[in-house]
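The values are calculated or read from the model by the stated rules, or taken from the named source; none is laboratory data. This one's a predicted model, so the numbers in the text were calculated from it and none came from an experiment. Every residue, glycine among them, receives a Cβ derived from its backbone with ideal geometry; neighbour counts consider all protein chains shown. In case anyone asks, the SASA skips ligands and DNA or RNA and just uses the protein heavy atoms, side chains included. Shrake-Rupley method; radii C 1.70, N 1.55, O 1.52, S 1.80 Å.
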Amino acid sequence: MTQEKWTAVDKYITDLFVPPDPVLDVTIQSTSDAQMPLINVAPNQGKLLHILALTQGARNILEIGTLAGYSTIWLARALPADGKLITLEVEPKHATVARDNIERAGLIDKVSVRLGAALDTLPQLRNEGLAPFDLVFIDADKVNTAEYFEWALKLTRRGSLIITDNVVRKGAVIDENSTDANVQGVRRFNEKLAAEARVTATIIQTVGSKGYDGLAIALVTSDS
Ligand SMILES: C[S@@+](CC[C@H](N)C(=O)[O-])C[C@H]1O[C@@H](n2cnc3c(N)ncnc32)[C@H](O)[C@@H]1O
């Protein structure tokens, strides 16, 4: 199996399940126009996030890692009329492009983009009484993923879902001697996730237009 085949099958799936959508298409276009990296989730993964948020009946969503707001829009579209989503982004340009896309999507009343390093903005969310979140999507820098998960646990409740992207890294995750800080960051997260008694969790390997990677899904099973 090759990247070419994975991309072709992703196109087949997307053609079937994700009809052309001007808002999402412009969001992707804006990412490349602004010379930002095209590291958003794939369309079928965006739809998976949307379905999971709907399944949760999520009214309050937290995203760590906004980029241009592509996954943000998928998640926010699952919110009820009075639902809210907060997304955390460290790069000012990304936050600006994302706000434009979120506004174009008609979601600006539900979504707020917080600028700053997530490890600085996460404590603010708790201090402002904005928790608990029904769903958290972790998709920022991989070095701090374990710390983001710790914060996600503080900011959720029993029954919340914590979803974390890019936890397999082309299979490099099994190399305990890897010198790649992202791989080591993800390994640290995966081990923490496995050892955490307050969640029941698993990891699914993924292939597609974005290559070979994996998604961790954790259900919070305890309030403390
Ligand atoms: C993989 S992209 C997010 C993709 C987005 N979730 C999507 O699928 O459309 C990761 C984003 O996290 C941001 N980021 C990296 N380090 C961060 C940090 N310490 N705090 C907040 N955001 C960070 C990056 O600037 C980038 O925009």
Review point. Can you tell which of ILE102, ILE108 is surrounded by fewer than 20 Cβ atoms within 10 Å (Cβ to Cβ) and hydrophobic (A, V, I, L, M, F, W, C)?
Key: ILE108
Review point. Could you say whether any residue in the range 10-18 is within 15 Å of the ligand (Cβ to nearest atom) and in contact with a Leu (Cβ under 9 Å, 6 or more places away or on another chain)?
Key: yes
Review point. Does the range 26-51 hold any residues that are among the aliphatic types (A, V, I, L, M), crowded, with 18+ Cβ neighbours inside 10 Å and over 18 Å from TYR212 (Cβ atoms), and which are they?
Key: LEU49
Study note, to complete from the structure: Of the listed residues (THR179, THR72, THR156, THR121), the one being outside any strand (DSSP E or B), open to solvent by 50 Å² or more (accessible area, probe 1.4 Å) and modelled with pLDDT of 95 or more is THR179
Check your understanding: Could you list, in sequence order, the residues of the range 9-25 that are open to solvent by 60 Å² or more (accessible area, probe 1.4 Å) and either not in a helix (DSSP H, G or I) or not basic (Lys, Arg) (or both)?
Key -> VAL9, TYR12, ASP15, LEU16, PHE17, PRO19, PRO20, PRO22, ASP25
Review point. So which residues in the range 51-68 are of a type outside the set (A, V, I, L, M, F, W, C), within 12 Å of the ligand (Cβ to nearest atom) and within 22 Å of GLY159 (Cα to Cα), if there are any at all?
Key: GLU63
Revision key, fill the gap. Residue count, the range 168-224, condition closer than 30 Å to THR14 by Cβ and of a type in the set (Val, Ile, Thr), comes to 11
Check your understanding: Of all the residues that make up the range 69-97, how many are small (Gly, Ala, Ser), farther than 18 Å from VAL136 by Cα and within 10 Å of the ligand (Cβ to nearest atom)?
Key -> 1
**Study point:** Residue list for the range 52-68, restricted to those being part of a helix (DSSP H, G or I) and small (Gly, Ala, Ser)
**Key:** ALA53
Study note, to complete from the structure: Of those in the range 159-176 that are outside any helix (DSSP H, G or I) and small (Gly, Ala, Ser), the residue surrounded by the fewest Cβ atoms within 10 Å (Cβ to Cβ) is GLY159
